[in-house]
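What follows is a set of notes on a single structure, which appears directly below.
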Amino acid sequence: MNIAVILGLYVLVFWRGCTMLKGKRRKLNRLWYGCILIYCAYVNISGFTRTPHLSVSSLYIAFFQPAGRAMIKWLGG
């Protein structure tokens, strides 16, 4: 039930945002706006259900933290 409410609110936000987008590149802007909202809904629902998900910090944790640790070890720290 809670997930349905969350999705309903995202649909409402998408509808309201699309009505506000105007201009000659309106369709492309709506596409990008929809992609951003879909990603936000994915992260929100994944956090709500406590399931693992991909995010911007996943890239940092997977690649940059080990590289930083290796560089610190290499420099003698």
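The values are calculated or read from the model by the stated rules, or taken from the named source; none is laboratory data. From a predicted model like this one, the values you see are computed outputs, not experimental measurements. Every residue, glycine among them, receives a Cβ derived from its backbone with ideal geometry; neighbour counts consider all protein chains shown. Note: areas computed on protein heavy atoms with side chains; ligands, DNA, RNA excluded. Shrake-Rupley method; radii C 1.70, N 1.55, O 1.52, S 1.80 Å.
Taken over segment 39-77, the residue count meeting the criterion of being of a type outside the set (Ser, Thr, Tyr) and in contact (Cβ under 8 Å) with a residue 12 or more places away in the chain is 6.
Restricted to segment 30-45, and to residues there that are of a type outside the set (Phe, Trp, Tyr) and out of contact with any helix residue (DSSP H, G or I) (no Cβ under 9 Å at 6 or more places or on another chain), the residue that is farthest from Ser58 (Cα to Cα) is Leu31.
Which of the residues that make up segment 4-18 are open to solvent by 60 Å² or more (accessible area, probe 1.4 Å) and of a type outside the set (Gly, Ala, Ser)? Within segment 4-18, Val5, Leu7, Leu9, Val11, Leu12, Val13, Phe14, Trp15, Arg16 qualify. Residues in segment 23-77 that are under 11 Å from the mean Cα position of the chain (by Cα), part of a helix (DSSP H, G or I) and modelled with pLDDT under 90: 2 in all.
Considering Leu7, Leu12, the condition of being part of a helix (DSSP H, G or I) and within 20 Å of Leu54 (Cβ to Cβ) is satisfied by Leu7 alone.
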